[in-house]
1. Hey, fewest Cβ within 10 Å first, where do H90, H95 land in order?
2. Ratio to report: Rg/Rh of segment 1-143, with Cα atoms as the point set and Rh obtained by the Kirkwood method; give two decimals.
3. Identify, among S356, G266, L71, the residue whose Cα sits farthest towards the positive end of the charge dipole of the chain, taking +1 on the Cβ of Lys and Arg and -1 on the Cβ of Asp and Glu, with the dipole about the Cα centre.
4. Which of E332, E224 comes first, and how do the rest follow, when ranked by fewest Cβ neighbours within 10 Å?
5. In a GNM of the chain with a 10 Å cut-off on Cα contacts, which of I49, I363, I20 has the highest mean-square fluctuation?
6. Given a Förster distance of 51 angstrom, what is the FRET efficiency for V309 paired with M96, based on the Cβ-Cβ distance and rounded to 0.05?
7. Going by C-beta contacts inside 10 Å, put T218, T48 in order with the fewest on the left.
8. Say R0 is 56 Å: what FRET efficiency, to the nearest 0.05, do L105 and F275 get from their beta-carbon distance?
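Derivation of every value follows stated rules applied to the coordinates shown; laboratory data play no part. Because the structure is a prediction, the values reported are computed rather than measured. Neighbour counts are summed over all protein chains in view; Cβ atoms, including those assigned to glycine, are modelled from backbone coordinates with ideal geometry.
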Amino acid sequence: MGNKFWCYTSSKSLLMLSDILFVMTITFVIYQDTQSVAYAAVFPLIRTICQLLAGLFSPVLTDYFQAGRLLKWVPLLRLGMLIVFTAQFHFFQQHMVWLFSALILISLTGGFISPLMQAIMPMLVPANQLVKANSTASIFHQMVQIAGYSFTGMLVLWIGPFYLMWITCVMIVLSYLLFIPVFPLLKQEETVRKTNKMNSFKDGWTIIWRNKTVRTLTFMDVCENIAGAVWIGAITLAFVSHDLKQGEEWWGFINAAYYTGAIIGGLLAAWMSQFIQKQLLLYMAAGSFIYAVLTIVYSLNSLPWLALVLCILMGPAYQIRDVSQQTILQTETPVDDLSKVYSAHYVLSSVSVGLSIFFVGLIADVYGARSVYLLGGLFVLVCSGIAILAFMKQKKESS
């Protein structure tokens, strides 16, 4: 893994951290100004809808403008919007309509950038190093999430949202500068611009449908996204207070334990990269199965210390599954089409997570948080079993 990989990983990590700061700062400001949880919840909802729309139209823009040009100019456009937004922060803070209008535009540009950034990894490292590269990048991303979600609340109170927004802008500038060495890799031959925009719109979905391996991976990803909704903050807090009989501080302990396990999982995946690379499907299936079993045990448990242990163990299982799945997707999809496939994945993830959060909340209200975790674990177990059978059938047909 060369300098370009480290530049890309550092750039993406800074971009993720700036996004966390931005989201948490704006949520805090909206709640502080309105004293309404409903208003504060509108921003994440708007952001999700904007990312969904951006994911739908990203393939068309990629074909028309090329990925390299989009990655060069869209971040600068987003940075310009953020600078104007921050410079006029007090105005937007006093006018909610203008505030949400600005947030829509900023969220749309962020939605275009994400699938393009994800598709770059196969350009940076050889195919036989993808597992190590994905797991190493995952370690950095998990550490960024821990730092971002742990300290942003304190930073907002200490230095204020206005100055924190300027720090966000500085982080985006640094992220862009770190990404500059990667630009030469994106200077590929100009492809023919498609006159039929509907074909560009359908490309990612067509690849997912026609490629059996990618289709099965997408099925697993959607299923795990649906099950992943059981880990939203409200459900975890309800489980801690009603089932583990602990105070709110254990809510933080549970989250910290999971992220600690995720970092350990990233290190483990990097260490085992040569073995995982040779048996990607096996490790993906094993990680999914172990994660499902641990979730089921977690749902049946009432001991706080055991809950922490289980959350730590879930991290490596999920990370090995995720790294294996990312690597298979990257090797099975042509590099030129990868951003389109990620865009389609992005849309499916947004829809599945949004819907599942709604239904998970209803189930938790009626049957309790414990039943939600149990159903989530069983759902992943069944889906991983179906996927394993599909892969076995596909392997048998190919042989």
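1. Working: H90 9, H95 13.
Least crowded to most crowded, the residues run H90, H95.
2. On the way: Rg = 17.0 Å, Rh = 16.7 Å.
Taking Rg over the Kirkwood Rh, I get 1.02.
3. L71
4. Values: E332 16, E224 23.
Listing E332, E224 from fewest to most nearby Cβ atoms yields E332, E224.
5. Sorting by GNM fluctuation, first place goes to I363.
6. Numbers: r = 45 Å, r/R0 = 0.88.
According to the calculation, E is roughly 0.70.
7. On the way: T218 22, T48 17.
By the 10 Å Cβ count, ascending, the order reads T48, T218.
8. Numbers: r = 46 Å, r/R0 = 0.82.
With a Förster radius of 56 Å, E is 0.75.
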